[in-house]
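Participant: Please read through the structure below; I'll follow up with questions.
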């Protein structure tokens, strides 16, 4: 038998018991019994695997604690949300207010309160701008929809919106500092728009409001922008949300509002 | 990790699904080091591990109500974590495969790797583990490092038990080469295979 006939993967399978109960086991068993090359290879691999088992045991027994910085971040992300009483009123927030991360741990049974907190119940109050300039000096003047003959629901409801068709990824999502500050970057890209809107369902006001409502349960805060875009090449809503502690980008899939927020990703802005 | 909350894992998960805002955080804190170890050893990268674990915990947080108690909560969590890691690595195709012993690999020529030294064995093994194909790595992490049964891991990863056995067997053989426990193909008495054989069983 040629030395080249030793199949190391097959031999590994045999020694590891992966061939048990198959005809191949008998075949390899015969080879190991009759071929010096197979026998030598089997003996060598068996000895090596014993050492590997010891090495893996050493790794298994080695402590691998979560690094403190990552643990702290998870603690903040999982902390139950605390509502900022100031957020329910359209007044300026105190400068230097201490902020905390709040993330997944939204209570389930606070729908009505959160709805108001989030802004769905008072959408006109949270309108800002998509036409450039600051949010303050353009308050209440939602950007005209990219397709002027087809007003966007959020715009009609008061939350500024834009249909950019921008392609986001996890890496790019948190790079923009502020959706309102960077309004100029979120201009409508007609060249990237398909003939049939991929966001059709969520362009309908009832569906969008349902979506925003369930998002408010997952991330209580104030919606400042709804962007019709793509995330990982799939149609998505990228919603800018200001919570008590910071700004977020919340990415919702096209099932948002049906059984939940269909959350694809979220990222705090730096 | 010790925990002052007397509730069991499954009770915490049920409480979370019922709206307890503290339950999931408690469950995570209870198991976070093990979950972190699974993520880190499966991805082989700190940032990937953190991202994958975040994805996984988000998924667990959202889908807690689907937990049916057919397995331990830790098994359920491990499944979510390792699948998030595997999905992430597959998307990025960031892993680098290591040939089986005898296959054409520049690192396999020449002298065997120096035997691992006791004090840094874990680090060396972790680095070697990171060089395996992600499917083999995930299987080894769950079976050899986390102590799950082959049947459990097969269910976690949605493949046949034989596939898990094969992934583990071949992964260990690759580790043997990477860790210098197998002689190199040019060494006396070594019988290499001439081609890479087919995939898993």
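Participant: Can you give me the ranges of the helices (runs of 4 or more DSSP H) entirely in the stretch B:134-201 with at least 2 residues that are over 20 Å from residue A:19 (Cβ atoms), within 11 Å of chain A (Cβ to nearest Cβ) and modelled with pLDDT under 95? Talk me through it step by step, then tell me what you get.
Facilitator: Numbers: elements: B:134-140, B:150-157, B:161-178.
Passing ranges, in order: B:161-178.
Participant: Right, here's the next one. Can you find even one residue in the stretch B:1-14 that is within 11 Å of chain A (Cβ to nearest Cβ) and either touching a residue at least 60 places away in the same chain (Cβ under 8 Å) or more than 21 Å from residue A:64 (Cα to Cα) (or both)?
Facilitator: No, there is no match, as no residue in the stretch B:1-14 is within 11 Å of chain A (Cβ to nearest Cβ) and either touching a residue at least 60 places away in the same chain (Cβ under 8 Å) or more than 21 Å from residue A:64 (Cα to Cα) (or both).
Participant: What number of residues within the stretch B:31-43 satisfy the criterion of being more than 7 Å from chain A (Cβ to nearest Cβ) and buried (at least 21 other Cβ atoms within 10 Å of the Cβ)?
Facilitator: Number satisfying all stated conditions: 6.
The values are calculated or read from the model by the stated rules, or taken from the named source; none is laboratory data. Just so we're clear, the structure is a prediction, and the values are computed from it rather than from any experiment. As a convention, Cβ positions derive from the backbone with ideal geometry for all residues, glycine included, and neighbour counts pool all protein chains shown.
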